[in-house]
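Worksheet: one structure, shown below.
The values are calculated or read from the model by the stated rules, or taken from the named source; none is laboratory data. Please read all numbers here as calculations on a predicted model, not as lab measurements. Counting neighbours? That spans all protein chains shown, and the Cβs are built from the backbone with ideal geometry, glycine included.
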Amino acid sequence: MGLSSEHSLTIVGVVSAIVLLSSFSLGFILEEERVSFEVNENSMQDDIENLVAFGPRVTGSEAELKAAQYIRDRYIEIGLSNVEIKEYQVTGCWFVDAEPDAHQILMHGQLEQGAPNAPLLPDGSAGTARVELESTGELMHVDAFSYLGYSGSNHKHDNQLITLGNGSEEDFQELGDLTDLAVIIEYDGIRPLAEIYRDGIDMNAGVLMIYSPGVEEPPFRTITVQEDNRIVPFPEAFNGEYADSLIPFIYISQSTADTFLDLIEKAANDDTKYAILDGFWEGSHVGMRTVRVVTGELPGSGEEEIMIGAHHDSVYLGPGAIDNAIGVAHLLEIATQLESEKLSHTIKFSTWGGEELGLLGSQSYIEDSMNELSELDFYINLDSTNLNPSIGLGTLGIETTSSSLAEDLLNSRDHVLDSDWDGYSAEVIVNEGGGGSDHRAFNSAGFTTVGLYGWKYPEYHLPTDNYNAINTEGVSIVPEIVLDFIMSQSDERGSEPIIQIEGIEGESSSWVFPFILALCAGLATGIGGLIVFFMKEITPELMAFLLAMAAGVMLLISIFDLWLGHALDDVNGDEVINFIDVGAITLSFLVGISTVYLANFVLNKGDDDSDLTEQKRLYKSGILTAVALGIHNFPEGLAMGVAVLDDVQYGVVLMVAIALHNIPEGVAVAAPIQAGNGGRFKATMIAMLTGLTEPLGALFALLILDSILTDFMVACSLSFVGGIMTVVSYRELIPQAMNQNRPKHMIVGLLFGAAVMQLSLLLLG
């Protein structure tokens, strides 16, 4: 082998050391280059501006349809496949029949003296005369109040104002009948709004109004009910019991509430004074709406899927630049960047209508597409993802239902938000409830979710939520974080072999082909045996080198691959391994070590083998190495059989890589056996037999364990074998190499064996 000269030995040692150092460094280099995207800020700004130009994109409106068509066309332009606009019929409560400024939605409060009106008197009179003492003037919708619930009424007038505490069950029971009263409730956020609404209808209230202390911008919310893990519009809830008896339910500002409460207080001690609410609502705002969902996808090589979504609808008085044209723009840019990437996951893209109605678009899609979502790994939602440090809103909120995904999200955050982004940050939290946007619908359906959002901004649900509200400086941050995160989850470069074979793809239709590949890989140990077979002489220098090479092979694969590699890798398939799994795999490694010591004690029964000749010691080391490698090859065959069954391309390359590292294993077995007078033929056959456990393991997995075998089971078994191989290297191979009294050859052999094994592992990716 050309190792007799110092010069040759030095070259082999230096090259092996360089290979080891460079291969380990390569991993770090590749990790740093995981994501290198140049997002197009101008494209995103154009998408936002174009969507805002349609006007308020109320679910079911012409503007929402135009937005859906625009997104569909952008999907096609990007190159997505299976592009489609899906339509669903849902119950809604927003005006869609006219432009928002055509609605004169007003109300005002009055303090009057005299008897209150008595509606529905047979003679049509309005009761006794009243004198207006004080008036709030007109209160405009949005500025002072927003609709919460559903109403089929066009006009409400002369409803006496009263207070009802926090709207608890006890508060309603105490007052009893609320016929035609305008009820004010100080909402504490404890009781569900649907329950308050239900009690108000049951008690015949004319109008329900709630306010929250300190809230001057009433939120746009609709009343929905959680029934059987789905969100149901109030008119459809409770078996439709209240569909024909809906009343106005309004969220008013703190200042509006204070004005009404002042009128009530002034009338409290005078039976001749009445605090009155007079309101006018144009048209009905309850009925069926058409929700649009725009879908497309980028196919991946594997079966698992990731979905990214953002709602394209807006409230009826807001053009929705931040909420949520920017989320749609981010989604489109992410799709553009991923289109040229080779990914293991299929990436699905969806934009939702109906989010402002109560997540009804995403929920309808989920209910309609559960079979199609069977392979969905997790869902990512983008909502109001505008960051603006200049007004104290430079922090991106990221919530997920998975603690393991949270770790990956933190890594992506740190990767993107470096020193160049002064004032910008991201906060990652684990929220098992799933959040408040469309990702909650996915979470309710049992899916893992990630939600990205900006914090509440001044233009929230207001007409001022236009293009000028967008902070264009930080528009690239969100897509860069999402892209980095997706690549960390679905990057084929991190899971496929480095070497690729063109023209071979797809799945194996039977167990025969995986078994043949495993057999070929296993028989490679026989090649190592043949190499030793044709050696003219095994000198002490060569023996020291070969024994140490065997130890290098076994130690590297045992410690860095079979133990640490599986303990730190993603053995669960969809989640980063937890500490319990790490402990279990490490325990398996230690059990393997203990097994060798226990077996040695039982078999030798404490006998002293110091009287063994050098040849017998070599023979014994060879046999023990053969046993250790044979045991190692069985669970390796288990893993190989299942992997090859799923992907023929991967299987062929896997076979080549395993065969390459099986060759030095065969040398490691045959050399000490032959040197120990075991005979050339016997040494070669034993080396070959150690490899045959590989196809046996594959066959066992394919025919018996395929349905129950998990990555974690394989990881534990391989780690157990790693412990066995470590002890064999430490107790047998290294001492025998040292006994040759050729320290330089031993050291170079260790380096060479480790280098050969590391190169074969790199081929596996």
Query raised in the report: Residues MET288, MET307: which one is of a type outside the set (Ser, Thr, Tyr) and not assigned by TED's automatic domain parsing to the domain that holds THR448?
Result: MET288
Query raised in the report: Which of the residues belonging to the range 260-300 are at pLDDT 85 or above, among the small types (Gly, Ala, Ser) and farther than 17 Å from PHE378 by Cα?
Result: ALA267, ALA268, ALA275
Query raised in the report: Restricting to the range 26-54, what's the tally of residues that are modelled with pLDDT of 50 or more and not in a loop (DSSP other than H, G, I, E, B)?
Result: 14
Report task. Give me the pairs, please: first residue somewhere in the range 574-595 and of a type in the set (A, V, I, L, M), second residue anywhere and modelled with pLDDT of 80 or more, beta-carbon distance under 6 Å, and either six or more positions apart or on two chains. Result -> VAL576/SER404; VAL576/GLU407
Requested in this report: Could you please find all residues in the range 432-456 being assigned to a loop (DSSP other than H, G, I, E, B) and touching a helix residue (DSSP H, G or I) at 6+ places or on another chain (Cβ under 9 Å)?
Outcome: GLU432, GLY433, GLY434, GLY435, SER437, ALA445, PHE447, THR448
Report summary line: Conditions (1) in a strand (DSSP E or B); (2) surrounded by fewer than 24 Cβ atoms within 10 Å (Cβ to Cβ); (3) of a type in the set (Val, Ile, Thr) -> VAL293 fails only (2)
Query - Matching option when the condition is in the same structural domain as ASP484 (by TED's automatic domain parsing) and over 16 Å from HIS311 (Cβ atoms), among ILE76, ILE71, ILE48 - result: ILE76
Query raised in the report: Just wondering, is there one or more residues in the range 299-313 that are buried (at least 24 other Cβ atoms within 10 Å of the Cβ) and more than 21 Å from the chain's Cα centre (by Cα)?
Result: yes
Report task. State yes or no: is LYS620 more than 15 Å from VAL727 (Cα to Cα), of a type in the set (D, E, K, R) and modelled with pLDDT of 75 or more? Result -> no
Query raised in the report: What number of residues in the range 328-357 are within 19 Å of ALA68 (Cβ to Cβ) and in contact (Cβ under 8 Å) with a residue 60 or more places away in the chain?
Result: 16
Requested in this report: Check the range 182-192 and report whether any residue there is touching a Phe, Trp or Tyr at 6+ places or on another chain (Cβ under 9 Å), surrounded by fewer than 16 Cβ atoms within 10 Å (Cβ to Cβ) and not polar (S, T, N, Q).
Outcome: no
Report summary line: Restricted to the range 360-396 and to residues being in contact with a Phe, Trp or Tyr (Cβ under 8 Å, 6 or more places away or on another chain) and part of a loop (DSSP other than H, G, I, E, B), the residue farthest from SER476 (Cα to Cα) is LEU373
Query raised in the report: Any residue in the range 244-258 that is crowded, with 22+ Cβ neighbours inside 10 Å, more than 39 Å from the chain's Cα centre (by Cα), not assigned by TED's automatic domain parsing to the domain that holds HIS439 and not aliphatic (A, V, I, L, M)?
Result: yes
Query raised in the report: Which residues, taken from the range 221-235, are assigned to a loop (DSSP other than H, G, I, E, B) and surrounded by fewer than 22 Cβ atoms within 10 Å (Cβ to Cβ)?
Result: ARG221, ASP228, ASN229
Report summary line: Over the range 706-739, the set of residues outside any helix (DSSP H, G or I) and at pLDDT 75 or above is ASN739
Query raised in the report: If you check GLU537, GLU507, GLU473, which single one turns out to be farther than 30 Å from ALA687 by Cα and at pLDDT below 75?
Result: GLU507
Query raised in the report: Which ones in the range 308-359 are more than 16 Å from HIS439 (Cα to Cα), in contact with a helix residue (DSSP H, G or I) (Cβ under 7 Å, 6 or more places away or on another chain) and of a type in the set (D, E, K, R)?
Result: GLU333, GLU339, LYS342
Query raised in the report: Which one of these does GLY565 not meet: (1) assigned by TED's automatic domain parsing to the domain that holds GLY666; (2) at pLDDT 70 or above; (3) small (Gly, Ala, Ser)?
Result: (2)
